[in-house]
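The values are calculated or read from the model by the stated rules, or taken from the named source; none is laboratory data. Not measured: the values here are computed from a predicted model. Note that we place each Cβ from the backbone using ideal geometry, even for glycine, and neighbour counts take in every protein chain shown.
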């Protein structure tokens with residue numbers, strides 16, 4: 001009987017025990033997909049959709065035929081184990097390590113090995129299958145990996161108010177700081193201090209980010225200076241001036257305040273990876289996730305690609321269900337609206353204005369709560 005090892009680097013041995021692993025990543029992926037399929041069989045179209053999702057039907061079909069030829073060549077005298085017709089592809093007479101010795105497979109996964117380790121196929125459909133299959137295999141074997149990203153300590157985000165006159169000026173400063181803090185707490189791994197003008201604990205660690213709000217009321221407008229700084233280094237990250245209409249009945253929904261809130265939150269999300277305390281480990285992963293969130297809601301094609309790159313980098317640093325959840329949302333945003341010249345299917349749903357895209361952020365709060 002032919003043997004295929006799925007935990008760790010994929011390995012194929014023929015009936016005599018000789019190594020006969022195909023060299024190509026997609027050929028190896030086909031064998032793994034067949035091993036994990038009911039009755040060891042998959043439709044040709046199913047395989048084509050997972051491994052060549054960016055190609056037309058005719059080209060994908062040709063690529064699958066070539067990959068099957070590669071597999072048969074590698075299997076040699078055992079190639080009869082791979083059967084195919086115009087609709088289906090099937091493996092027969094095969095046993096995997098997940099079946100032969102589940103305890104050893106579970107021990108390998110618990111020690112840090114992965115299902116299909118080292119398979120590098122840049123196709124979003126395959127990446128989704130691989131991620132889901134890894135999670136399914138680990139669940140079946142009782143492997144529970146800690147979410148290293150969510151478990152790490154949250155960074156402080158400190159709101160500091162200064163130079164604000166009593167009355168409307170003070171209320172404007174608090175409203176601005178609270179809005180930025182609330183928005184960031186939804187999309188970044190932070191703990192907010194100083195919201196609502198409450199005292200900031202004196203024993204906070206010197207890390208994270210501070211939002212400074214200063215201003216003065218002149219006639220019918222409140223003029224504010226808003227800045228972000230690194231608490232550890234004291235370096236100013238971003239600053240902006242604005243004039244808020246003091247006479248407006250609900251000034252929080254008009255004038256310069258809403259754009260200012262969004263700009264401050266965007267700047268904070270973008271600069272988390274630059275903080276000295278976010279240069280390695282789970283905090284680095286959290287910082288990359290935060291920046292990716294800011295990029296993905298730009299709805300700019302290049303920035304959407306950058307968001308995906310950042311999430312992949314974060315996933316390589318620390319285990320986190322949040323990365324998986326955000327990549328799911330990113331794929332829904334990017335791949336369902338049409339082709340692009342460089343990567344078919346990668347097209348943003350909208351080129352909406354900032355206020356509209358931030359209302360979209362609020363609409364997916366449920367997604368963040370589920371993922372975090």
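Here are a few things to note about the model shown:
- Close pairs (6 angstrom Cβ cut-off, 6 or more residues apart or separate chains): in the same structural domain as residue 331 (by TED's automatic domain parsing) in the stretch 113-125, buried (at least 17 other Cβ atoms within 10 Å of the Cβ) anywhere: none
- Residues of the stretch 306-316 classified as modelled with pLDDT of 85 or more and surrounded by fewer than 18 Cβ atoms within 10 Å (Cβ to Cβ), total: 4
- From the options 201, 205, 259, residue that is surrounded by fewer than 16 Cβ atoms within 10 Å (Cβ to Cβ), in contact with a strand residue (DSSP E or B) (Cβ under 9 Å, 6 or more places away or on another chain) and touching a residue at least 60 places away in the same chain (Cβ under 8 Å): 259
- Pairs meeting the criteria (first residue in the stretch 86-97 and within 17 Å of residue 30 (Cβ to Cβ), second residue assigned to a loop (DSSP other than H, G, I, E, B) and at pLDDT 95 or above, beta carbons under 8 Å, at least 6 apart or on different chains) are 96/6.
- Residue 49 being under 16 Å from residue 96 (Cα atoms) and under 30 Å from the mean Cα position of the chain (by Cα): no
- Residue check, residue 113 out of contact with any strand residue (DSSP E or B) (no Cβ under 8 Å at 6 or more places or on another chain), within 20 Å of residue 141 (Cβ to Cβ) and either surrounded by 13 or more Cβ atoms within 10 Å (Cβ to Cβ) or modelled with pLDDT of 95 or more (or both): no
- Search result, residues across the stretch 271-285 that are buried (at least 23 other Cβ atoms within 10 Å of the Cβ) and within 15 Å of the chain's Cα centre (by Cα): 283, 285
- Within the stretch 146-185, the set of residues being assigned to a loop (DSSP other than H, G, I, E, B) and either over 23 Å from residue 279 (Cα atoms) or at pLDDT 85 or above (or both) comprises 163, 164, 165, 166, 167.
- Residue among 86, 28 that alone is more than 27 Å from residue 103 (Cα to Cα) and assigned by TED's automatic domain parsing to the domain that holds residue 98: 86
- Verdict on residue 291 being at pLDDT below 90 and within 26 Å of the chain's Cα centre (by Cα): no
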